[in-house]
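Enquirer: Structure below; questions to follow.
Any read-out appearing in this document is the output of simple, stated calculations on the displayed coordinates, not a laboratory observation. Being a predicted model, the structure only gives us computed values, none of them experimental. Every residue, glycine among them, receives a Cβ derived from its backbone with ideal geometry; neighbour counts consider all protein chains shown.
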Amino acid sequence: MVTTTATRLKATRLTWDRVDLTEGTITLDRSMAKTRQRRIVKWPENAIAWLLKKCWWIPWGDDLYQFENIRTRLKERIRARVIRWLGHIVTYIPGEHALAREWYATGAAFHECLCYASNTVALRPPRPKAGSTLVIQVDNSAYARNNHMNAMDRIQRSRQGQTTRIR
């Protein structure tokens, strides 16, 4: 890459809204282009890979599991190109990192996050008052793999006096 004063000035005026990572392009306004015409510059794929190696992905909820949904096939092909080159994945569950590596052929490093207070401190539930209602939050994701119905069945058996261990 040739470094000139003009090139450095152009680079300082670039903002992320002009960069399209999925297409691998940078849009230059007329004021930025040497020819004073709007230009769309295509990056070589290795430049995008270099940039994505510096990016961190924090999958949340159904982010990772869209891979299994055939209805989003086109979107998933675009996501797969991006995720493959990511340098870092941040999640509390090592298994999610392993799935991302397997499904997207990514070499992204695993970084454990502490997304819930229960991961850092021992929280003791308050003692219920007589006549109060017990409220249990199972999960905030509607994804089928979370086995919500299994958890509800265990809670129901527990209320009927059957011993069960809920993890």
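Enquirer: Spelling out what I want: for every residue of segment 101-114, take phi, set θ = phi - 60°, compute 6.51 cos²θ - 1.76 cosθ + 1.60 (Karplus), and round to whole Hz; glycine and proline get x.
Expert: Once θ is set to phi - 60°, the couplings for segment 101-114 become 4, 6, 6, 10, 6, 9, x, 4, 6, 8, 10, 6, 10, 10 Hz.
Enquirer: Moving to a separate point now. Can you return the aspartates and glutamates within cross-link range of Lys42? Criterion is Cα-Cα under 20 Å, with same-chain partners fewer than 8 residues away left out.
Expert: Candidates past the 8-residue exclusion: Asp17, Asp20, Glu23, Asp29.
Enquirer: Enumerate the residues in segment 26-64 having an amide nitrogen under 16 Å from the point lying 7 Å beyond the Cα of Val19 toward its Cβ.
Expert: Output list for this probe position: 26-29, 41-57.
Enquirer: While we're looking at this one, here's another question. Report, by chain and number, residues whose modeled amide H sits under 5 Å from the one on Trp57, excluding near sequence neighbours (fewer than 5 apart, same chain).
Expert: Amide H to amide H, under 5 Å and 5 or more residues apart or across chains, Trp57 pairs with His88, Ile89, Val90.
Enquirer: For the residue pair Arg159 and Arg84, what label-to-label distance in nm results when each label sits 7 Å from Cα along the Cα-to-beta-carbon direction?
Expert: If labels sit at Arg159 and Arg84, their model points lie 4.9 nm apart.
Enquirer: Between Thr27 and Lys75, what is the FRET efficiency for a Förster distance of 22 Å, r being their Cβ-Cβ separation, to the nearest 0.05? Don't skip to the end; give the middle numbers.
Expert: Values: r = 22 Å, r/R0 = 1.00.
The value I calculate is 0.50.
Enquirer: Can I ask one more? Show me, for segment 54-60, the HN-Hα J-couplings you get by feeding each phi into the Karplus relation (A = 6.51, B = -1.76, C = 1.60, θ = phi - 60°), rounded to Hz, glycine and proline as x.
Expert: 3J(HN,Hα) across segment 54-60, in whole Hz: 8, 9, 10, 10, 10, x, 9.
Enquirer: For Ala49 and Ala98, what does the FRET efficiency come to when R0 = 25 Å and r is the distance between their Cβ atoms, rounded to the nearest 0.05? It would help to have the intermediate numbers written out before the result.
Expert: On the way: r = 22 Å, r/R0 = 0.87.
Efficiency at R0 = 25 Å is approximately 0.70.
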